[in-house]
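First the structure, which I've put down as structure tokens, then a few questions once you've had a look.
Coordinate-derived values only; no laboratory data. If you're wondering where the values come from, they're calculated on a predicted model, not measured in any experiment. All Cβ positions, even for glycine, are placed from backbone atoms using ideal geometry, and neighbour counts span all protein chains on display.
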Amino acid sequence: MFKKMKFGQPPPATSVEQTVIGQSAVVVGNIVSQDQVQLKGHVVGNIDVNGSPNAQLSVLSKAHVEGDIRAQQAVVNGVVTGNIESTGRVELHAGAQVKGNISYSTMAIEHGAQLFGMMTNTSDVKPQ
């Protein structure tokens, strides 16, 4: 019934829409998606990737985000200047540099990742 995900492993293949923002692209404004977003370029604005079970934002090695991220799953190997809020899993790979706070349900951090901020596990927070 439940499957364990290995570090760096993408979600199981299904018919999922994927948006790719190329390495030479600069987006000024917010991005909203319900499926997978792969960022290779630069975004100045907030990114919201939620909605479907496979909703995931991947910030690749040369990518840069200047804004807050809200994502069901977030995989970071680039630079994020802003907060990351995830209802699921956050992965910081060796090339990741995050300048902001992270809230997550599950977390994986690879040796070499940099975080300048605080981490909060939202599964431990109980409603009052």
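Can you order the peptides 61-70, 44-53 by their average number of other Cβ atoms within 10 Å per residue, highest first?
So the peptides 61-70, 44-53, ranked by packing, come out 61-70, 44-53.
What list of ³J(HN,Hα) values in whole Hz, one per residue of region 45-52 in order, does the Karplus curve 6.51 cos²θ - 1.76 cosθ + 1.60 (θ = phi - 60°) give from phi, with Gly and Pro shown as x?
Values, residue by residue: x, 8, 10, 10, 10, 8, x, 9 Hz.
Any chance you could get the radius of gyration and Dmax over the Cα atoms of region 34-120, in Å?
Rg then Dmax for region 34-120, in Å: 11.1, 31.
Nearest 0.05, what FRET efficiency do THR87 and VAL20 give at R0 = 22 Å with Cβ-Cβ as r?
Numbers: r = 23 Å, r/R0 = 1.05.
In this case the efficiency is close to 0.40.
I've got another one for you. Residue-wise, which Karplus ³J(HN,Hα) couplings in Hz belong to region 39-44, taking 6.51 cos²θ - 1.76 cosθ + 1.60, θ = phi - 60°, and x for glycine or proline?
These are the phi-based 3J(HN,Hα) values: 9, 10, x, 10, 10, 10 Hz.
Which is farthest toward the positive dipole end of region 34-120 among VAL43, ASN83, GLY112, measuring Cα position about the Cα centre, with Cβ charges +1 (Lys, Arg) and -1 (Asp, Glu)?
GLY112
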